[in-house]
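Below is one structure, written out as structure tokens; comments come after it.
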Amino acid sequence: MASEADDSQKDIVSTQSEGLSIEAEKVAKADAVYVTPEGRNRRRARAKADKRFDFRKNLLESPDSDPKGFERIIGDSDLMSVNFLDRGKKAAAAVCRIKVPSDGGFWYGTGFLVGPRLLLTNHHVLGNADEASQCSAEFGYEHDVDGVLSEPVRFNLRPHEVFYTDAELDVTFVAVTPFSDEGVPLHRYGRLPLIPVSGKAINGEWVTIIQHPGSEPKQIAIRASQIIALDPELALELRIDLDRFIHYSTDTEPGSSGAPVLNDQWQVLALHHKAVPAPGKLGKPGRTTKQPVWIANEGIRISAIFKLLELERFAKPQAGLVLDRLDMSLGFTAMSRAAVMSHGAIGETVFEADRKPLDPVRWANVAGYDPAFLPPLRIDLGQIYKPLLDKNKVAALLDGSGHELAYHHFSSVIHADRKFPLITAVNIDGNALVHPGKRKDTWRRDARIADEFQPDGDFYEKGKGSDPVQFSRGHQVRLLDPCWSPLSNAAQALAESQVGSEDTFHYTNAAPQVQTYNDIDWGNLEDYLLDKAQTTKKRLTVFTGPIYRDDDPTYGRDRRGGPWQIPLSFWKVAVLQKSGTKPVAAAFIVGQTQYVQALYEAKVFSGLKPYTVDEMRNRLIQTTIVSIETETGLDFSAVRSLDAHGSLESTRQTRWLNDMSDVLI
């Protein structure tokens, strides 16, 4: 941040930890340059020891596109493809100077476009909506190839449309008007899409910063700053969260607050926000001494920004609006959060009162899911969830008989901590399907397991809390899946089908449905799989459940039994009997698929390329069973070898499903 009205040096924000200054100086002096073979060996070893190293490799382009990409991150080469400069020019177009009126002049900072008409900068640059409404974003304030300085193109900010800020993490998102005062369209400047997962840079890697230093025209420090890794124990002692902040050797000036920090693939790894002064050079909080010596910088990890937004998705409506636009920058359609808020829960227009639990005698002779349904294959449900059972993550039945709730043709196992299903398993006989008739939206708890493990109307009904979002009850086992009967008598078969459908309306089979994807993407997939089982007289077993992540958003703090963390992704493993002796399997994920690390190994994101409406993706992917195991901690070894995708090369093992005909099974 810089000012026209005052000494710019005193307006830069610095860190306030003397211990951080000492450690950063030590690391920067020791490791800033690697010129000797011993130094390169040391860097190579440290790069491979970085916990983010394996994922970092997934963000590299193929050797055909970037022959030296891998060698650069381990320190063996500094050679770049010549298109690095062209890509850098394209990335730089999205960076702007932010002009903030103040007494005696203007403040200046840096910001950059990260989504459709969405700008990211620091909280200390734009701290509130009223201030933002008086500001402008100036694009194109830079020298051209002939050294001629271009006039900035000014766009007004629109905080009344989107404005989200957090002082602690020092981030602000704000909407920008679509056209400048002169009618220039904002989309001309592109955007820098943000990748939500951690691992875009590792220790010792060189990074690039695009900035407006000291309110000056746009400038770039190309691979002039190097990631420095602080000692984790010392960072803990200094209360520096290394999962939220990243440090790099300095090459910024006042006015650079809000600048993007980028890796060699021009992926944003951090938002620059503070400078680290040399030891003994600290001044008053937030300010520096008169003649500071900068030895390092501190940036906010993009993964930490996503984590904050996701945690507040349902508590702060503006966080959800920001996430919608960030999703769109990656090519996803928005998650229809506005539809949830405007029209209530998706898929349910009327909430009937909960009915009382049924007598457990109803299931006295019901076996539930059949592990031998696909002979000669046997798939024991207990083996699948045993890793979670060993960690005490599975809720037990009240009578002490086990952990599986048996229903007609399916079973449910509940996650002890998250209170929703851990896994459901259903058998489908495509040759014996019987439609149960009119749907009855009557939900109830199951008396065989404690109430705490089955959130009911206190969770789902809007009137039971003050939350701005209402959820529908999303079936894990679809209501039509267990609706089949081997009985030849039509009336008896219909009765059994109706019992199976009724069983699906238990809270032990429900998880909060937060977007339309459960009704659309998931439903289309289930229809497709069910249709394959029905039309070809084959049997099908389907396992389903949520993906539980530590940073899932919370909901229902003032509701009885709350708060709960809401899963945003769901998985499905389908095992289909293609012939009398040949079963095959396929795995799918729907929802927040941008958090699935297998997608990055498949290299599905195309960098700075903007997506058109026709190219917007749904949220359904087919992946490998191994990926489901990685995301959930479950054990699908019984069907792992049957995976239709498992034998493909790694870059083809995870892919989008734009149409159900794309399913490989």
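The values are calculated or read from the model by the stated rules, or taken from the named source; none is laboratory data. As the structure is a prediction and not an experimental result, all values here were calculated from the model. Glycine gets a Cβ as well: all are built from the backbone with ideal geometry, and neighbour counts include every protein chain shown.
The residues on offer are T612, T581, and the sole one that is among the hydroxyl-bearing types (S, T, Y), farther than 26 Å from V477 by Cβ and at pLDDT below 65 is T612.
This table checks each residue for (1) in the same structural domain as P152 (by TED's automatic domain parsing); (2) assigned to a strand (DSSP E or B); (3) more than 30 Å from E151 (Cβ to Cβ).
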residue	(1), (2), (3)
T208	yes, yes, no
R223	yes, yes, no
I227	yes, yes, yes
L230	yes, no, yes
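Out of region 110-138, which residues are more than 25 Å from the chain's Cα centre (by Cα) and assigned to a loop (DSSP other than H, G, I, E, B)? The answer is H124, V125, L126, G127, N128, S133, Q134, C135. Among the conditions (1) surrounded by fewer than 20 Cβ atoms within 10 Å (Cβ to Cβ); (2) in a loop (DSSP other than H, G, I, E, B), V469 misses just one, which is (1).
Residues A425, A493: which one is within 31 Å of the chain's Cα centre (by Cα), surrounded by 18 or more Cβ atoms within 10 Å (Cβ to Cβ) and not in a loop (DSSP other than H, G, I, E, B)?
A425
Among the residues making up region 139-149, a single one is of a type in the set (G, A, S) and over 38 Å from the mean Cα position of the chain (by Cα): G147. Being over 27 Å from the mean Cα position of the chain (by Cα), on the phi > 0 side of the Ramachandran plot and not in a loop (DSSP other than H, G, I, E, B): is that true of G214 here? Considered against the rule, which asks whether it is over 27 Å from the mean Cα position of the chain (by Cα), on the phi > 0 side of the Ramachandran plot and not in a loop (DSSP other than H, G, I, E, B), G214 comes out as yes. Considered as a group, the residues in region 324-381 that are closer than 30 Å to P116 by Cα and basic (K, R) include one that is modelled with the highest pLDDT, and that residue is R325.
In the set (1) basic (K, R); (2) at negative phi; (3) in contact with a helix residue (DSSP H, G or I) (Cβ under 8 Å, 6 or more places away or on another chain); (4) surrounded by fewer than 24 Cβ atoms within 10 Å (Cβ to Cβ), K200 fails one condition alone, (4). Of the residues in region 195-218, not one is modelled with pLDDT of 90 or more and small (G, A, S).
Restricting to region 154-184, and then to whatever is surrounded by fewer than 21 Cβ atoms within 10 Å (Cβ to Cβ) and over 27 Å from the mean Cα position of the chain (by Cα), can you tell me which residue is nearest to Q219 (Cα to Cα)? It comes out as R154. Among the residues of region 472-490, the ones that are in a loop (DSSP other than H, G, I, E, B), in contact (Cβ under 8 Å) with a residue 24 or more places away in the chain and of a type in the set (S, T, Y) come to 1 in all.
Pick from E142, E182, E161, E138: which is of a type outside the set (G, A, S) and within 23 Å of I305 (Cα to Cα)?
E161
Only residues that are in contact (Cβ under 8 Å) with a residue 24 or more places away in the chain and in a loop (DSSP other than H, G, I, E, B): list them for region 139-149, please. Once the filter is applied, which keeps residues that are in contact (Cβ under 8 Å) with a residue 24 or more places away in the chain and in a loop (DSSP other than H, G, I, E, B), region 139-149 yields G140, Y141, E142. Within region 93-111, the only residue that satisfies the criterion of being surrounded by fewer than 24 Cβ atoms within 10 Å (Cβ to Cβ), out of contact with any Phe, Trp or Tyr (no Cβ under 9 Å at 6 or more places or on another chain) and either closer than 27 Å to A221 by Cα or not assigned by TED's automatic domain parsing to the domain that holds R301 (or both) is F106. Of all residues in region 188-204, those satisfying the criterion of being of a type outside the set (K, R) and either more than 23 Å from S256 (Cα to Cα) or under 21 Å from the mean Cα position of the chain (by Cα) (or both) are L192, P193, L194, I195, P196, V197, S198, G199, A201, I202.
Within region 150-171, the set of residues being free of Cβ contacts under 8 Å to residues at least 60 places away in the same chain and under 17 Å from N122 (Cα atoms) comprises L157, R158, P159, T165, A167, E168.
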